[in-house]
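Contents: one structure, followed by commentary.
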Amino acid sequence: MSEHGTATHCPYCALQCAMWLRTDDSGRPTVAPRDFPTNQGGLCRKGWTAAELLRPGRRLTTPLVRRTPGGPLEEADWDEALTRVVFGIRRIQEGAGRDAVAVFGGGGLTNEKAYLLGKFARVTLRTANIDYNGRFCMSSAAAAGLRAFGLDRGLPFPLSDVGRADALLLVGANPAETMPPFVRHLDAARAAGGALVVVDPRRTATAARATLHLRPAPGTDLALANGLLHIAVAEGLVDEKYVADRTEGFTAVREAVATYWPEHVERLTGVPVADQYRAVRLLADAPRALVLTARGAEQHRNGTDTVSAFVNLALALGLPGREGSGYGCLTGQGNGQGGREHGQKADQLPGYRRIDDPHARAHVARVWDVPADSLPGPGVSAYELLRSLGTEGGPRGLLLFGSNPVVSAPNAGLVEERLRGLDLLVVSDPVLSETAALADVVLPSAQWAEEDGTMTNLEGRVIRRRRALAPPPGVRTDLWIISELSRRLGRATGFSDSAPEVFAELGRAAAGGPADYSGITYDRIDAQGGVFWPCPADGEGRSGRPEAAAGVSPDPDPGPGPDPVPGSDPDAGTPRMFLDAFAHPDGKARFVAVHHTPPAEEPDELYPLHLTTGRIMQHYQSGAQTRRVPELADGTRDPHVEIHPDLAARHDIVAGDRVRLVSRRGTTEADARITTAVPPDLLFMPFHWGGAQRVNSVVGDALDPVSRMPEFKVSAVRLERVG
Ligand code: SF4
């Protein structure tokens, strides 16, 4: 610890702003910003107030159990709580099989927790049913990145490239609200003469900074991307040499976009022809250009194809794998990147390996000291898992860590009903979230400042979370909870509760995989201020080798590896990927031909409006933490709905009126905010609240067929004034 306090990172979003944590003279924990390449000394108000939840009174400090069905949650000691969990798991699995107990994780868990949770599911419970809330957040971009580049790392280049870009295309992202220090990079680019093109149906705080704001109708981003590529082809702006040398599949994509001529795209999207041309020119004329996508592009039933369409545009312009240019995805959750690499995903083993790959199973089973054939196969995705709970053949018990699906899942009324119908619901959480309130057993877990571990930020940089304070008596770390449950379930070894030990084992399990962490150590992170994966250990698998990066595990004894990964820095890992080769076996990127499809729900007579959802500056995800921080909750105790003035007038609604949104699935209520930030046929409501103010009660559950990500961004609703 230095004189400033303990060097750590914010507990919330994927920017993982650096901060000092220290206690003041009265013993109260406080934070101060710390300079780091991502936040450049900045914090948003969530970061500034992050220490508030560490104080007693705003968190759980003792386990809670429900001793009678339908009865209240009552305080218990750890032995009683864990005994109930173990008894419940055994009874369910003996009666209904191993898969009858499911596990649900989160994109905010440290790498160590995500890894140990996946191992706990596969080795201790031996259930196939594990997935996590990152499915709601990043999975479409991950799927599109995998098929284009053979490897998914949100930003395959350092964030500092954003500040040096001559042109940026930002699709479906509002970092001015969601991660404000990120805007320093955008502003640096603008100050140096760079152009910012923002694609968003809403005029957000980010769009207000743009050189050009394109406002496609909800659910038409893919058509816009194809239209932009059509113009690039027609105007001779395609980088033909790059396409020939570094890609495959352009012919099919050129044919696919041939029908997306500008006037047709204007009719589909509402984006004027002249703006389409201008956007393409800004990108194509820039020496260094970046295409960045986020949830606005992803959270659709065609989210993977939509991201692919923008990747196609980037590839045609020759951007990915070129220093200073490229394609990237802005990850949302704090460890959204690392959380999807180490095994809490239904189809995955550590190191971003596939669970249906026999070589991967054999490698990980060796590290775990279990027979490979004892490992379960792939399970189902997050929403499908939640929807199946308590149904015929579905899981009867659920252990949930670091997630609040009662608020954050789509069609949340149904999800809540399913959770209520379980024989056993166990929730580990620092606070009594809406989901924890339904549980049979609630386990109070330690918070970010009370535990060691690593997070992988939006750049793929693995950073340290450091324990600065002891948790209050009665609170345990998630690692201890998983370890102790394993021991009580008959696994006496193999589940350390020491973060450094778990990280070292994670490195062995990830060695040779696409996300190779085997060369990363806590000491190396400390020395370098973070290490970018892939970072193979000397003498072990080289994830820069095309076959390893493509997800094919290497021979257990591969012999000397090839040259290090292109762009690799021997100390900092691999800050910049794909400079010489992409991760497909032939080293080439793949174009993927995609076509526009409408959203699952189009407006009709009964539900004539589109609703889209998102975040606001004061709150993080389901709001379970930030709604408990007075400085954030003041002024935002209730959600609002953005309504265009013309629409408001038609419904006789004025600012501050209580309004109700009704969909085929349910209703929600909020205060009216009248604004031209939304078009007349679109409503926007943030999703940070539960109960009657839960917007996910009305949001639909159509899933992307590739990523299984729900369509949060478009639902058909009716608007009513309450009273
Ligand atoms: Fe930084 Fe995100 Fe934390 Fe805000 S919430 S301080 S942007 S990491």
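All of the numbers you see were taken from the coordinates with simple rules; none came from a lab. A quick note: this is a predicted structure, and the numbers were derived from the prediction, not measured. Counting neighbours? That spans all protein chains shown, and the Cβs are built from the backbone with ideal geometry, glycine included.
Quick one: which residues, 5+ away or cross-chain, put their amide H under 5 Å from the amide H of residue 155? H built at 1.01 Å from N.
329, 460
Return a whole-number percent for the relative contact order of the chain, with Cα pairs under 8 Å and 6 or more residues apart as the contact set.
18 percent
So what J values fall out for region 258-269 if you push phi through Karplus, 6.51 cos²θ - 1.76 cosθ + 1.60 with θ = phi - 60°, rounded to Hz, Gly and Pro as x?
Running phi through 6.51 cos²θ - 1.76 cosθ + 1.60 with θ = phi - 60° gives 4, 7, 9, 6, x, 5, 5, 5, 4, 5, 6, 9 Hz.
Provide the per-residue ³J(HN,Hα) series for region 362-372, in order, calculated from phi with Karplus coefficients 6.51, -1.76, 1.60 and θ = phi - 60°, each as a whole number of Hz, with x at glycine and proline positions.
5, 5, 5, 4, 4, 5, 7, 6, 9, x, 4
Computed FRET efficiency, Cβ-Cβ of residue 45 and residue 664, R0 35 Å: what is it to the nearest 0.05?
0.45
Using only the Cα atoms of the chain, what are the Rg and Dmax in Å?
24.3, 74
Need the C-alpha centroid separation for region 606-633 versus region 338-362, integer Å.
What the calculation gives is 32 Å, centre to centre.
Give the long-range amide H neighbours of residue 609: residues separated by 5 or more places, or on another chain, with amide H under 5 Å away, using H modelled in the peptide plane at 1.01 Å from N.
For residue 609, whose amide H was placed from the backbone, the distant partners under 5 Å are 604, 717.
Please name whichever of 93, 333, 60 sits farthest to the positive end of the charge dipole of the chain, dipole taken about the Cα centre and charges placed at Cβ: Lys and Arg +1, Asp and Glu -1.
Projecting each Cα onto the dipole axis, the largest value belongs to 60.
Convex hull volume of the Cα atoms in region 155-330, per residue, in Å³?
In region 155-330, the Cα hull volume divided by residue count equals 101 Å³.
Identify the residues of region 323-367 with backbone N under 13 Å of a label point that sits 7 angstrom from the Cα of residue 373 along the Cα-to-Cβ direction, or state none.
Backbone N within reach: none found.
Report the charge-dipole magnitude of the chain in Debye, nearest 20, computed about the Cα centre from +1 at each Lys and Arg Cβ and -1 at each Asp and Glu Cβ.
Computed about the Cα centre, the dipole is about 840 debye.
Which listed residue (622, 611, 699) has the Cα farthest towards the positive end of the charge dipole for region 595-723, taking +1 on Lys and Arg C-beta and -1 on Asp and Glu C-beta about the Cα centre?
622
Once you charge only the Cβ atoms, +1 for Lys and Arg and -1 for Asp and Glu, what is the size of the charge dipole of region 6-54 about its Cα centre, to the nearest 20 debye?
It comes to approximately 100 debye.
Sequence-distant or interchain residues sharing an amide H contact under 5 Å with residue 466, placed H: which?
Those lying under 5 Å, H to H, from residue 466 are 9.
With θ taken as phi - 60° and the coefficients 6.51, -1.76 and 1.60, list the Karplus ³J(HN,Hα) couplings across region 433-446 in order, rounded to whole Hz; mark glycine and proline as x.
So the Karplus estimates, Gly and Pro as x, are 5, 4, 6, 4, 5, 8, 6, 7, 9, 10, 10, x, 9, 5 Hz.
Counting only DSSP beta bridges with both residues in region 427-491, what percent are antiparallel, rounded to the nearest 5?
Bridges in region 427-491 that DSSP calls antiparallel: roughly 50 percent.
Rounded to whole Å, give me the distance from the Cα center of region 429-491 to that of region 17-69.
14 Å
Calculate how many DSSP beta bridges within the chain are antiparallel, expressed in % of all such bridges and rounded to the nearest 5.
45 percent
Is the shape of region 311-396 best called rounded, prolate or oblate, per the rule: a/c under 1.5 gives rounded, else a/b larger than b/c gives prolate, else oblate, with a ≥ b ≥ c the square roots of the Cα gyration tensor eigenvalues?
oblate
Along the positive direction of the dipole of region 155-330 (beta-carbon charges: Lys, Arg +1; Asp, Glu -1; about the Cα centre), which of 294, 188, 217 reaches farthest?
188
How many angstrom separate the Cα center of region 129-158 from the Cα center of region 492-532?
21 Å
7 Å from Cα along Cα→Cβ at both residue 392 and residue 606: what's the point-to-point distance in nm?
With each label placed 7 Å out from Cα toward Cβ, I get 2.6 nm.
Exceeding 32 Å between C-alpha atoms, which entries from my cross-link table qualify? They are 46/345; 241/713; 241/345; 345/588; 46/113.
Distance filter (> 32 Å) returns 241/713; 241/345.
Under a crude label model (7 Å from the Cα following the beta-carbon direction), how far is residue 498 from residue 2 in nanometres?
Going from the residue 498 label point to the residue 2 one covers 2.8 nm.
Given 5 Å bins starting at zero, what is the percent of C-alpha pairs of region 6-54 in each, up to the one with the largest pair distance?
5, 25, 34, 22, 10, 3, 1
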